[in-house]
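**Student:** What follows is a single structure, and I will ask about it in a moment.
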Amino acid sequence: MESKREVYLTRFKRNQMECEEAFGEVPVNVGSKLVKLMENEDLTFDEAYASLQFAYEKIKYKSNFLKMGNQG
């Protein structure tokens, strides 16, 4: 039986598509800044992954109430 932690960490699946090719340079730059921030915070891989999952869930929740900009 999988632990809650394992289930949580597997929900945020990798996207096989090249980010820059699909969305442009801005998401790549933001992603790089996020990685640098997590490195500066000295997070483990699991902590960084959980942080990204939390951010994803928060953005998804907020998207129900706020316009996050152009989507396409």
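Just so it is clear, none of the values below were taken in a lab; they were calculated from the coordinates. These figures come from a predicted structure and were not determined experimentally. Backbone-built Cβ (ideal geometry, glycine too); neighbour counts: all protein chains shown.
**Student:** Under the Kirkwood approximation applied to all pairs of distinct alpha-carbon atoms, what is the hydrodynamic radius of the stretch 19-62 in Å?
**Tutor:** Details: mean 1/r = 0.0882 Å⁻¹.
It works out to 11.3 Å.
**Student:** Tell me, what HN-Hα J-couplings in whole Hz come from the Karplus equation 6.51 cos²θ - 1.76 cosθ + 1.60 at θ = phi - 60° for each residue of the stretch 18-25, using x for Gly and Pro?
**Tutor:** Karplus-based 3J(HN,Hα) across the stretch 18-25 equals 5, 4, 5, 5, 7, 10, x, 6 Hz.
**Student:** So how far apart, in nm, are the two label points at A50 and C19 if each is 7 Å from Cα heading toward Cβ?
**Tutor:** Taking the simple label geometry, A50 and C19 are separated by 2.2 nm.
**Student:** In whole Hz, what ³J(HN,Hα) sequence does the stretch 40-49 give by Karplus (6.51, -1.76, 1.60; θ = phi - 60°), x for Gly and Pro?
**Tutor:** Taking θ as phi minus 60°, the curve returns 5, 7, 6, 6, 6, 4, 4, 5, 5, 4 Hz for the stretch 40-49.
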